[in-house]
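Below: the structure, in structure tokens.
Read the figures in this text as sums done on the coordinates, not as results from a lab. Just so it is clear, the structure is predicted and the values come from calculations on it, not from any experiment. Positions of Cβ are generated from backbone atoms using ideal geometry, with glycine treated the same way; all protein chains shown enter the neighbour counts.
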Amino acid sequence: MIISTDRRKRPSDFRLERAEVVRDDYCPFCAGREELTPPEVFAYRPNGAAANAPGWDLRVVPNKFPALQVEGGLDREGEGMFDRMNGIGAHEVVIETPDHHKTLATMTETEIGRVLSAFRERVRDLKQDRRFRYIVLFKNHGGPAGATLEHPHSQLIALPIVPDFVREEIDGARRHFSDKERCVFCDLLRQELAARRRIILEETEMVALAPYAARFPFETWIMPRRHECRFEDAAPHEYDSLARLLKALLGRVNRALESPPYNLIIHTSPFSEETTDVYHWHVELMPRLTNVAGFEWGTGFYINPTSPEEAAKVLREAKV
Ligand SMILES: [Zn+2]
Ligand SMILES: [Zn+2]
Ligand SMILES: [Zn+2]
């Protein structure tokens with residue numbers, strides 16, 4: 001990881017790509033167009049409305065139609081993963097709200113909390129299928145981040161393998177644990193909260209920080225204060241706290257960085273291995289501010305033109 005001070009820039013110097021996606025007048029995710037998606041596998045319907053009809057707050061549908069097949073998802077980190085899973089796997093879309101024009105930043109905390117609970121419910125259901133070792137939960141916001149539809153949605157992919165980005169974190173966490181008998185993420189959180197320079201926002205149960213080895217400008221990690229290896233085993237008040245933090249954080253990101261496209265990925269333990277003491281679930285947010293050049297991907301080094309201290313300061317001080 002290289003933090004290049006020569007290439008250091010202020011946020012306003014980035015050539016920003018706004019998170020705009022061409023409006024689709026025939027959006028298959030809007031209320032009243034339920035017949036355009038495969039039948040729902042899960043929904044929140046407050047008044048008990050019939051499945052696959054209007055009256056829902058959130059729907060989860062299989063991703064089986066061409067408009068979304070092209071949405072590969074996980075940016076370059078997950079490249080290749082989808083080829084390897086050919087044949088088995090579940091790919092589902094969480095339609096976060098019936099309202100086409102909302103975003104995670106403009107939804108209420110209750111609405112964001114609903115998205116998190118839907119993720120938890122789907123993970124708990126899908127993990128009963130022993131073929132799956134991992135479920136990737138992610139959101140691509142804005143065209144440059146890979147979203148093909150404007151309507152607020154996130155995705156879930158159940159895999160028969162553990163993706164590399166998680167494998168590497170777990171292997172590192174195991175090494176730390178075998179040296180120190182402590183969780184590396186708990187250690188990191190403790191150090192960051194003491195030093196404060198890279199802390200962005202704090203919530204009752206969650207902390208947002210700029211990781212000291214940030215690979216991308218304004219990369220942000222959201223970590224639960226309580227040690228827990230699995231996202232789906234978080235407590236209800238932790239999801240509430242995460243919903244509040246996400247809303248506040250994305251509001252600041254939009255303000256400071258002019259509503260950039262972003263990728264949001266939940267990092268959680270695989271089902272296939274025991275990680276109770278060593279791993280610590282968290283959320284990674286990557287605003288898409290610069291196009292990462294071939295150099296970084298080819299060599300494995302990342303040149304990040306904004307230091308994490310500077311990024312944390314900009315977001316901390318952003319007026320919402
Ligand atoms: Zn829509
Ligand atoms: Zn921990
Ligand atoms: Zn991670």
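Before moving on, here are some points about what is shown:
- For segment 121-245, the spread of Cα positions along the three principal axes, ordered from largest to smallest, is 40, 33, 30 Å.
- Fully extending the segment from Ala235 to Lys102, taken as 0.36 nm per residue of separation minus the present Cα-Cα distance, adds 45.2 nm.
- Spacing of the two label points (7 Å from each Cα toward its C-beta) at Asp187 and Arg175, in nm: 1.1 nm
- Rg and Dmax of segment 200-271, both derived from C-alpha coordinates alone, stand at 12.7, 38 Å.
- Packing-based ranking, highest mean first, of 227-238, 201-212, 179-190 given that Cβ atoms within 10 Å are counted: 201-212, 227-238, 179-190
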